[in-house]
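To keep things clear, I will list the structure first and then write my remarks on it.
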Amino acid sequence: MKKTGIKTRDGICPNYVYRPAGSGPWPAVLAFMDGIGIRPAMLELGERLAGHGYYVLLPDLFYRSGPYEPMNPHTVFSDPAQRKTLMEKFFALATQANVMSDTRAFLDYLAAQPEVQAGGVGITGYCMGGLMSLTAAGTYPAEIVAAASYHGSRLATDAPESPHRLAPRIKARVYVAGAIEDQSFPDDMKQKLEQALTDAGVDHRIETYPARHGWVFRDTPVYDADAAERHWQTLLALFEGTLRR
């Protein structure tokens, strides 16, 4: 893994780059973090994807808020003061508009790497990163050929920037895995997203895992080993079917 800074409209975004062993070029994957930010459990995602033969770019989407220590996944949402800081200092600046501006820079960076295979990028996101993943698929349809969202939030709302509104622009194959009893992606929202993707003719699959919001990463209180492994199986199948040639 190497850390690099990518110039964006608003500054320099730290990115973690993972290369497979051997010589490329390799298919590229852009990985969008969850709302707990950069920490060892998040970075393990890039390492494991690279082990499967993908060139991975994992940006710190909270860079506008300045440097920060790894957050405590067990208290950051349950402790009122920590949650207030997360919402006001971090989430408030990691908006869809800002992250989509950044994504242009991320895609340009990947396109400029001789080790990256041409022909399209895969993207995966978690929690807020799932929202960004689908939004990116609709914002940059010419470049994103596969998009995954795991316990993503606010995927089909009444907001003008809701990603389901971008469905007619999406050319990627889409995979969405929701959690049970998830207020940020309830059943009616799943149905709304399903309808939008179906009406737009998007190749997609939406599933609900018997796990809680946030199940993928080992450091969260809701980590579910079986569901996390199912995440890997479905994610790798998505990328194998779209990025391998």
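Criterion first (without any contact (Cβ under 8 Å) to a residue 60 or more places away in the chain, of a type in the set (Gly, Ala, Ser) and in contact with a Leu (Cβ under 9 Å, 6 or more places away or on another chain)) does Ala167 satisfy it?
Numbers: without any contact (Cβ under 8 Å) to a residue 60 or more places away in the chain: yes; of a type in the set (Gly, Ala, Ser): yes; in contact with a Leu (Cβ under 9 Å, 6 or more places away or on another chain): yes.
Taking the combined requirement at face value, the residue satisfies it.
Among the candidates Thr124, Thr157, which residue alone is in a loop (DSSP other than H, G, I, E, B), of a type in the set (Ser, Thr, Tyr), within 30 Å of Asp187 (Cβ to Cβ) and at pLDDT 95 or above?
On the way: Thr124 fails: in a loop (DSSP other than H, G, I, E, B).
After ruling out the rest, the residue left standing is Thr157.
Name the residues in the range 160-179 that are part of a strand (DSSP E or B), farther than 18 Å from Tyr126 by Cβ and either open to solvent by less than 10 Å² (accessible area, probe 1.4 Å) or not basic (Lys, Arg) (or both), would you? Step through it out loud before you land on a result.
First, the residues of the range 160-179 that are part of a strand (DSSP E or B): 173-178.
Remaining after also requiring farther than 18 Å from Tyr126 by Cβ: 173.
Listed by number, the list is empty, since nothing qualifies.
Quick test for you: out of Ala92, Ala97, pick the one residue that is open to solvent by 30 Å² or more (accessible area, probe 1.4 Å), in contact (Cβ under 8 Å) with a residue 12 or more places away in the chain and out of contact with any strand residue (DSSP E or B) (no Cβ under 9 Å at 6 or more places or on another chain). Don't jump to the end; show me each part of the working.
On the way: Ala92 fails: in contact (Cβ under 8 Å) with a residue 12 or more places away in the chain.
Testing whether each residue is open to solvent by 30 Å² or more (accessible area, probe 1.4 Å), in contact (Cβ under 8 Å) with a residue 12 or more places away in the chain and out of contact with any strand residue (DSSP E or B) (no Cβ under 9 Å at 6 or more places or on another chain) leaves just Ala97.
So in the range 44-58, with the set limited to residues that are farther than 19 Å from Tyr109 by Cα and touching a Leu at 6+ places or on another chain (Cβ under 9 Å), which one is surrounded by the most Cβ atoms within 10 Å (Cβ to Cβ)?
Leu45
With Leu197, Leu193, Leu155, Leu235 as the choices, which residue is out of contact with any Leu (no Cβ under 6 Å at 6 or more places or on another chain), open to solvent by less than 10 Å² (accessible area, probe 1.4 Å) and either farther than 28 Å from Gln117 by Cβ or touching a residue at least 40 places away in the same chain (Cβ under 8 Å) (or both)?
Details: Leu197 fails: either farther than 28 Å from Gln117 by Cβ or touching a residue at least 40 places away in the same chain (Cβ under 8 Å) (or both); Leu193 fails: out of contact with any Leu (no Cβ under 6 Å at 6 or more places or on another chain); Leu155 fails: out of contact with any Leu (no Cβ under 6 Å at 6 or more places or on another chain).
Residue meeting the stated conditions: Leu235.
If I ask for residues that are surrounded by 18 or more Cβ atoms within 10 Å (Cβ to Cβ), assigned to a loop (DSSP other than H, G, I, E, B) and not hydrophobic (A, V, I, L, M, F, W, C), which ones from the range 65-89 would you list?
Pro73 - this is the single residue of the range 65-89 that is surrounded by 18 or more Cβ atoms within 10 Å (Cβ to Cβ), assigned to a loop (DSSP other than H, G, I, E, B) and not hydrophobic (A, V, I, L, M, F, W, C).
The values are calculated or read from the model by the stated rules, or taken from the named source; none is laboratory data. Since the model is a prediction, treat every value here as computed from it, not as a measurement. As a convention, Cβ positions derive from the backbone with ideal geometry for all residues, glycine included, and neighbour counts pool all protein chains shown. With ligands, DNA and RNA removed, areas are computed over all heavy atoms of the protein, side chains included. Shrake-Rupley method; radii C 1.70, N 1.55, O 1.52, S 1.80 Å.
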